[in-house]
Amino acid sequence: MAEAPEPELLRDPESYARLLEHVRAAVLAGLPGPRSPRSVVSASWDRSLAAHVDPDEGEAPFVYDVDVLTALREAHPLAPVLPVLRQMLVSIADDAEHVMIVTDAEGLILWREGAANQLVRADRVGLSEGTRWSESAIGTNAMGTTLATGEPVQIYSAEHLVRRYHTWTCAAAPVRDPETGVLLGSIDVSGPLRTVHPAMLSLVTATAQLAEGQLRAQLAVRDERLRRANMPHLEALRGRPGALLSAGGRVLAAQACLLPATVDVRRGGGTVALPDGRIATMEPLAEGYLLRLRATGSGSGGHRRRLRLEYLAEGAGTTTVDGRDVPFTLRHAEILTLLTLHPNGLSAERLALQLYGETGNPVTVRAEIHRLRSQLGATVVQTRPYRLAAEVDADFVQARAALRSSSPADVMRVFRGPLLPESEAPAIREERETLTAQVRQVALNSTDPAVLWSFWETPCGVDDFEVLDALLKTLPPADPRRAAVAGHRARLR
């Protein structure tokens, strides 16, 4: 969780900056100070000093010239999401006299954009493309510290260890690879002290999350292509337990077995032991692997399985079985949703109607249920009628409950987006539209800009003119989020 600067920063930024100067001087001298630095800053100073960064004369090192930098940019995983970052941050950076910066995982500045006068000012302190801003290179700064901690951070004035950056404030957030969780780099907005605003940290964090969402969407497209190309290999097992894996070991499709979300494929094939002791064989394919697993009973060891359904999100959402992520198709996610909404069960005819409408065929539903039971086990998906015999924790059920008894802020903490947005099943579409409409009305009825902002950040609210207008009415004029909303509204026009 990001640790924000103290409230006195907003009341009197200049006095707060002077206080930080005294705090820094006392810490470097080993003397008692007027107060302690924030814990995130104190830990960063310790790491920076251990790396022998000079607090008084330090300077960001220039690492690569433009020719090498061009090749690094083209190959970097964040290159495809750069248009999204520009749309969200560059206009705001211009208005607030900031620059937008994107680094790699080592703190190398790959891209930098902003108003010409601010770029000149940034050049004077080495905030330029090709320089490295890791903590070990230049000490405490938002980019380096967010890469060191993996958390969003805002660094103000003398919280920078190196003196020459005390006239700057910056906010940064990390961006991770959606497949591996590895840090890809950071997104930063930096500018002069007088432009500091606490909302800048949340704005940068939201932009980083949006970038990760774009990367997830691109990964989903690649996964589907790989799944379709390799599905004949899985079908050739003729119902025996097995799975298709990506080149990185993620489970793309499975039959007759439950697997962790990722299998260790570092050996590149052969026999592997799964975390629960089962033995499997991996066969390399043109892309990815075919995993063959020795068949075991489908029982759950005498305990009720725990299903966690997180379907208020992009694509088919996330399904967790007994704490393990299990890949499910959109159709199976739809069936799990409908069975959760109908705990007493549904007949094949009723389920066909809810999934396909009047043209639904119960035979098709029975085939889908058979595949789902082979994945979850017959003890979990029961028949006559079809129902779930498991402990189910679903975010869409939590959202329903929050609408009945919780505050608007609590509703927005649960609601992260529309229910299975890619689903065209009639009953899912009806539930999605009803839930979204109720949450939207809660947001519009609220006078809290944080609630409206949370709804605007979801795919349901981002292009909603009424939500945009409500935000413009409630956000203070100096809030940088207001510029983001106004700019987005203008682009929609």
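The values are calculated or read from the model by the stated rules, or taken from the named source; none is laboratory data. Everything numeric here is computed off the predicted structure, so don't read it as measured data. Glycine also receives a Cβ, built like all others from the backbone with ideal geometry; neighbour counts cover every protein chain displayed. For the accessible areas, the whole protein counts, side chains as well, though only heavy atoms, and no ligand, DNA or RNA atoms are used. Shrake-Rupley method; radii C 1.70, N 1.55, O 1.52, S 1.80 Å.
Considering only the range 129-233, give the strands (runs of 3 or more DSSP E) lying wholly within it that have at least 2 residues that are open to solvent by less than 10 Å² (accessible area, probe 1.4 Å) and more than 15 Å from residue 40 (Cα to Cα).
Fully inside the range 129-233 and qualifying: 168-176, 183-192.
Go through the range 338-373 and count every residue that is open to solvent by 30 Å² or more (accessible area, probe 1.4 Å), in a helix (DSSP H, G or I) and within 22 Å of residue 396 (Cα to Cα).
So the answer is 4.
Filter the range 46-75 down to the residues that are open to solvent by 30 Å² or more (accessible area, probe 1.4 Å) and part of a loop (DSSP other than H, G, I, E, B) and list them by number.
Listed by number, the residues that qualify are 51, 52, 54, 56, 57, 59, 61, 63, 64, 65.
Step by step: first the residues of the range 296-321, then only those that are more than 18 Å from the chain's Cα centre (by Cα), surrounded by 17 or more Cβ atoms within 10 Å (Cβ to Cβ) and not in a strand (DSSP E or B), then the one that is modelled with the highest pLDDT. Which residue is that?
Applying the filter and picking the extreme gives 305.
What are the residues in the range 86-116 that are at pLDDT 90 or above and either among the polar types (S, T, N, Q) or assigned to a helix (DSSP H, G or I) (or both), if any?
Passing the criteria: only 103.
For (1) free of Cβ contacts under 8 Å to residues at least 40 places away in the same chain; (2) in a loop (DSSP other than H, G, I, E, B), each residue gets a yes or a no:
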| position | (1), (2) |
| --- | --- |
| 375 | no, no |
| 379 | no, yes |
| 384 | yes, yes |
| 387 | no, no |
| 393 | no, no |
| 397 | no, no |
| 401 | yes, no |
| 410 | yes, no |
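Residues in the range 415-431: is at least one assigned to a helix (DSSP H, G or I) and within 24 Å of the chain's Cα centre (by Cα)?
Scanning the range 415-431, I find no residue that is assigned to a helix (DSSP H, G or I) and within 24 Å of the chain's Cα centre (by Cα), so the answer is no.
Identify all residues within the range 251-266 that are under 19 Å from residue 284 (Cβ atoms), part of a strand (DSSP E or B) and touching a Gly at 6+ places or on another chain (Cβ under 8 Å); write none if there are none.
Within the range 251-266, 252, 254, 262 meet the criteria.
How many residues does the range 117-128 contain that are in a helix (DSSP H, G or I) and either under 25 Å from the mean Cα position of the chain (by Cα) or β-branched (Val, Ile, Thr) (or both)?
1
Looking for something over 27 Å from the mean Cα position of the chain (by Cα), of a type in the set (Lys, Arg) and open to solvent by 10 Å² or more (accessible area, probe 1.4 Å) - is there at least one such residue anywhere in the range 97-116?
No: the range 97-116 contains no residue that is over 27 Å from the mean Cα position of the chain (by Cα), of a type in the set (Lys, Arg) and open to solvent by 10 Å² or more (accessible area, probe 1.4 Å).
Look at residue 366 and say whether it is touching a Gly at 6+ places or on another chain (Cβ under 9 Å) and farther than 20 Å from residue 307 by Cβ.
In short, no.
With open to solvent by less than 60 Å² (accessible area, probe 1.4 Å), out of contact with any helix residue (DSSP H, G or I) (no Cβ under 9 Å at 6 or more places or on another chain) and not acidic (Asp, Glu) as the only criterion, which of 436, 474 stands out?
Matching residue, one of 436, 474: 436.
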